[in-house]
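Everything on this sheet refers to the single structure shown next.
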Amino acid sequence: MTKISSIQDTEILRPVSSGRSTTTAVVGLQWGDEGKGKLVDILAPHHSAVVRFNGGANAGHSLVVHGERMAFHLVPCGVLHPGVRPVLANGVVIDPDKLIEELDILAERGIDTGTLAISDRAQIVMPYHKQEDALRERLLSSDGDTAAIGTTGRGIGPAYAEKAARATAVRAGDLVRPDVLRDRVNKACLMKHSMFDAGGLDALDAGALIDKALAWGERLGAHICDTSALLNAMLGSGNPVLFEGANATLLDVDHGTFPFVTSSNASAMGIPAGAGVAPRHISNVIGVVKAYCTRVGGGPFPSELHDKTGGLIRERGREYGTTTGRPRRCGWLDLVALRYAVVLNGVDRIALTLLDVLSGFDELQVCTAYKLDGKLLDHMPSDADDLSRVEAVYAPMTGFDGDLSGVRSRADLPSEAQRYIAFIEEHAGVPVDFIGVGADREQSILS
Ligand code: GDP
Ligand code: IMO
Ligand code: MG
C-alpha cells in the first residue's frame, strides 16, 4: 500500500481560508455511507490534521487505494498520509477495544499512527453500553412493531446518554486517573443494576470493568490530550484542518428523521461543539451526496425502491454496511431531502459519489417533491410519521450507459450524465465539483 496519493493536484482539493483560519468540512447529506471516507482520504494531504468530531464505531468509512480495500470505524481516514495528524475530538464516543483493534491492523500494514491525538474529554463506550444498546433494541421490537431503530449495536446511544447524565460517564482522560475511574464505574454499575436485572442480563462486575479500563489507559494514555487546545493552536498558526463527518445529516439527533437517527449532531453544526473550535472556523463545507439514496436500519425513506431496480442498485453499488454487513435499503435520489441538508449545513459545494452505479439504466427517476394527504410539499416534514406517509413525486430523466470508471473530466461523461449533474446543481443551488466514478481513490473527477 502506497501512502502517497497520485491523484492530480487541483485547486478544489485545497482548504479555504476564511481570513482567520483554513479549514475544510466533509459531511454526509443523506443517511450515511455517501463515500465520505474516500473524499477525506483525497483531501487529507492538503491539511495538517484530520478530525473526527462526532459518532463512534457506528461509522464505517471505506477506502480503496490501488485496488486494496480498507475500512475505518474510529481512526480518521487521513491516517494513510504521513504528516497528517489524526484527531479524535471531544464529540466522539470511543470504544477502546475497537480503536486498539484498528490501530493494530494499521500497524500490521506499516502505517504509523504515533501522532494520533485523543481528546481527554471524549466519552468512552463501556461494554455495558453495547449490552444496553442490544437490550433497548430487543425491547423496542419485542411486540413485533417497527419501533426498533436498527442501530449498529456499537453502544452509541447509551454512551451519549451517559454523557448527558454526567456523573457516571467515563471520559478518555479518566482512563489515566484511576481514582476517578473507579468511582464512576462503580456508580454506573450500581445505577444499571435494576435495568440489567429486569432485562435478564448478568449482573455487572465493576472490578473487572475497572481493570479493563485501566488496561486501555495504559495502551492509549500517550495519545490522550486536550485536542481542543491542540486544534486551536494549529488553526491560530495557519495550519489547515479537515473535519471528517461521520453518520450524516438525516441521522442527526436534532435535525434528522427522529427517532430513527443516531445520537450525535452529524451535520456541520456538530463541528464546533464536537471539535472544540469556534463556529467562525467552519467555512468551506463539502456535502457528500450519493447519486441515489441508501439507508440502513429503520425509519422513513420516501424514495425507497422495493423492486428489482432497488436490488440492482444494491448489487452494483455493493450496498452492504461497512460496519454491520446489513443490506442497505436503496432508492432514487431525493432532492427534497438534499435541499434541506444543503441549507442546514451551509454547504458550499457538493461531492457527488457513486455516479458510475447508475450507468446502464434506460431511465432514472429523481424525487423533486412529496405529496402528503393529496397536497404537494416542497420541503421535508419534521415529523417521522408524516415523512413515512409522503409519496415521492418524480421527474424522469434519460439514463446513461458505459463504463465511467476511466473518465477524469466532466465534459467526457455521457451527455445524459452531465444533464443529471446539472439538474442536481440547479435544485441544490450549489455546484458539484467532485464526482466519484469508482471506489478507487483515482476514480474521481475533480472540476
Ligand atoms: P462513508 O461511510 O460515507 O465513508 O461511505 P462507505 O464507505 O460506508 O460507503 C461507500 C461505499 O462506496 C464504499 O464501499 C466505497 O468504497 C464506495 N465508493 C465510494 N465512492 C464511490 C464511487 O464513486 N463509485 C463506486 N462505485 N463506489 C464508491
Ligand atoms: P457512516 O459514517 C449509515 C444508522 C444506523 C441506525 C441509526 C442509529 O458510515 O456514514 P447507531 O448505532 O448510531 O445508534 O444507529 O443510524 N447509522 C448509520 N447508517 N452509515 C453510518 O455511518 C451510520 N451511523 C449510524 O444504521 O439506523
Ligand atoms: Mg459508511
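The values are calculated or read from the model by the stated rules, or taken from the named source; none is laboratory data. All values derive from a computational prediction rather than experimental measurement. Neighbour counts run over all protein chains shown; Cβ positions are idealised from the backbone, glycine included. Only protein heavy atoms, including side chains, enter the accessible area calculation; ligands, DNA and RNA are left aside. Shrake-Rupley method; radii C 1.70, N 1.55, O 1.52, S 1.80 Å.
Here are the numbers for this structure:
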| read-out | value |
| --- | --- |
| One residue from MET397, MET380 being farther than 28 Å from HIS255 by Cβ and modelled with pLDDT of 95 or more | MET397 |
| Among (1) within 14 Å of the chain's Cα centre (by Cα); (2) touching a residue at least 60 places away in the same chain (Cβ under 8 Å); (3) within 16 Å of ligand 1 (Cβ to nearest atom); (4) under 23 Å from ALA351 (Cβ atoms), the one test that GLY56 misses | (4) |
| Residue among LEU201, LEU251, LEU230 that is open to solvent by 20 Å² or more (accessible area, probe 1.4 Å) and within 16 Å of ligand 2 (Cβ to nearest atom) | LEU251 |
| Test result for LEU99, within 16 Å of ligand 1 (Cβ to nearest atom) and either outside any loop (DSSP other than H, G, I, E, B) or at pLDDT 95 or above (or both) | no |
| Output for the stretch 248-266, where each listed residue is within 16 Å of ligand 3 (Cβ to nearest atom) and among the polar types (S, T, N, Q) | THR249, THR262, SER264 |
| Residue that is farther than 30 Å from ARG328 by Cβ, open to solvent by 60 Å² or more (accessible area, probe 1.4 Å) and touching a strand residue (DSSP E or B) at 6+ places or on another chain (Cβ under 7 Å), where the choices are ARG121, ARG177, ARG182, ARG166 | ARG121 |
| Residue that is nearest to ligand 2 (Cβ to nearest atom), among those in the stretch 34-77 that are closer than 16 Å to GLU101 by Cβ and among the hydrophobic types (A, V, I, L, M, F, W, C) | ALA59 |
| Scan of the stretch 338-375 for residues that are in a helix (DSSP H, G or I) and open to solvent by 30 Å² or more (accessible area, probe 1.4 Å), ordered by number | ARG339, TYR340, VAL343, LEU344, ASP356 |
| Criterion (in a helix (DSSP H, G or I) and either of a type in the set (S, T, N, Q) or loosely packed, with under 12 Cβ neighbours inside 10 Å (or both)) met by exactly one of ALA222, ALA215 | ALA222 |
| Those residues of the stretch 230-279 which are part of a helix (DSSP H, G or I) and over 14 Å from the mean Cα position of the chain (by Cα), in sequence order | LEU230, LEU231, ASN232, ALA233, MET234, LEU235, GLY236, PRO272, ALA273, ALA275, PRO279 |
| Residue within the stretch 280-296 that is open to solvent by less than 10 Å² (accessible area, probe 1.4 Å), within 15 Å of ligand 1 (Cβ to nearest atom) and assigned to a loop (DSSP other than H, G, I, E, B) present | yes |
| Failed condition for PRO82, given (1) touching a strand residue (DSSP E or B) at 6+ places or on another chain (Cβ under 9 Å); (2) open to solvent by 10 Å² or more (accessible area, probe 1.4 Å) | (1) |
| Filtered residues of the stretch 7-30 (kept if of a type in the set (Gly, Ala, Ser) and within 16 Å of ligand 3 (Cβ to nearest atom)) | GLY28 |
| Subset of the stretch 139-179 [in a helix (DSSP H, G or I) and at pLDDT below 95] | LEU139, LEU140 |
| Selected residue (criterion: nearest to PHE434 (Cα to Cα)) from residues of the stretch 258-276 that are more than 16 Å from ligand 1 (Cβ to nearest atom) and open to solvent by less than 10 Å² (accessible area, probe 1.4 Å) | ILE271 |
